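Shown next, in structure tokens, is the structure this report addresses.
The numbers here are math on the coordinates, done by the rules we state, and not lab data. None of these values were measured; they are calculated from a predicted model. Here the Cβ positions follow ideal geometry from the backbone for every residue, glycine too, while neighbour counts run over all protein chains shown.
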Amino acid sequence: MMRLNAGKTAESKACNWLLKQGMVHRESNFRTRWGEIDLIMQDGETVVFVEVRYRSNSQRFGGALESIDAKKIARLVKTSKIYIQQKRIDAPCRFDVVTLDGDRHIDWIPNAFGDTAA
């Protein structure tokens, strides 16, 4: 339960931080049988699928960004395609990652997966 609360808190912090960067919140925790997208934001005309990663102790367990493997990326892409289809979106899309290491440090990686188009 503590881990779930930490994850939700991290997602809330990430969302608030992205709002301060000028993004608009569209949806949180979009789920399909293949996976979940933590945050879906709007950055101008671009729909942004955001993976939020939190690590309380990055020295011991590795950094938050390193925890995203190819399998996770494939699930995110598949889930984003379902979102695009369901919402009938005809706009550019990208994948961003927001990492929180500990309680203070936030990193935002726009277009984190390159041209892995949704």
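In straight-distance terms, cross-link reach from LYS78 covers every one of the lysines whose alpha-carbon lies under 21 Å from its own, apart from those fewer than eight places away in the same chain; here that gives LYS87.
Here the range 32-50 is scanned for amide nitrogen atoms under 16 Å from the site 7 Å beyond the Cα of ARG75 along Cα-to-Cβ, giving 32-39, 50. The lysines within cross-link reach of LYS20, meaning a Cα-to-Cα straight distance under 21 Å and a gap of 8 or more places when in the same chain, are LYS8.
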